[in-house]
Structures are given as structure tokens and as C-alpha cells.
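Derivation of every value follows stated rules applied to the coordinates shown; laboratory data play no part. These numbers come from a predicted model, not from an experiment. In this analysis, Cβ positions are derived from the backbone assuming ideal geometry, glycine residues included, and neighbour counts consider all displayed protein chains.
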């Protein structure tokens, strides 16, 4: 699936993210970027970026995430570390651990994680 601006959350990305995993895509591995990433499919592994990671509404991600900023909307399981901020949206399901300077959790989010602010 190609990234479609009308289907995005319109948050965080100044333009299209450089890496996009579509809703019907299954991938695994370790990736490292210096740009924004949108994961909207199934992903297992590790993702590191100096930018933003968004776990999209359709996502089912089991991975270690390391980024400057995070937005979690879909299903996420793993250990996540964000240097600036993470937003856990009301449609999110999070299991594992989350560490960030700021953790924002919307009403309705399913959060079963160890949370630590740094």
C-alpha cells in the first residue's frame, strides 16, 4: 500500500514518512533510520530512528522501538523508549514497557505496561 495523506493521522509528519509498512504487509527484522517511520502492518523485530515512529491504527507490532517521538494507535507489544514524548491513543493496545520523558495516555487506551518517565 502506498502512503496516502488522507489516511494518515496528520500528526508528527511534516511530509510523508520515508519508511511506511502498509496495513497488508508482514515484515520482520532490525531496521535503523534517521527519518520518520509509519508502521501500519505486522512487524516483528527492532526499529530505531532519530525521528518519529508511529504504530498505526491497523498495526500489530511486536518489537523493541527506540525513537525521539512515538505515537501508538494499534496493537503494540515490546519495549519502547522515546527521548522526547510518546502518545498512546485511545484506540491503542500496549503490552510491555514504555519509557519516555513524557508519556501521554488517552482515555480508552488499553495499557498493560511498565511505564517509566526519564
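A compact table of results
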{"item": "Qualifying residue in region 91-104 (condition: over 11 Å from the mean Cα position of the chain (by Cα), within 21 Å of residue 35 (Cβ to Cβ) and in a strand (DSSP E or B))", "result": "yes"}
{"item": "Qualifying residue in region 15-29 (condition: within 24 Å of residue 118 (Cα to Cα) and surrounded by 14 or more Cβ atoms within 10 Å (Cβ to Cβ))", "result": "no"}
{"item": "Residue identified as free of Cβ contacts under 8 Å to residues at least 40 places away in the same chain and either surrounded by fewer than 16 Cβ atoms within 10 Å (Cβ to Cβ) or not in a strand (DSSP E or B) (or both) among 107, 77", "result": "107"}
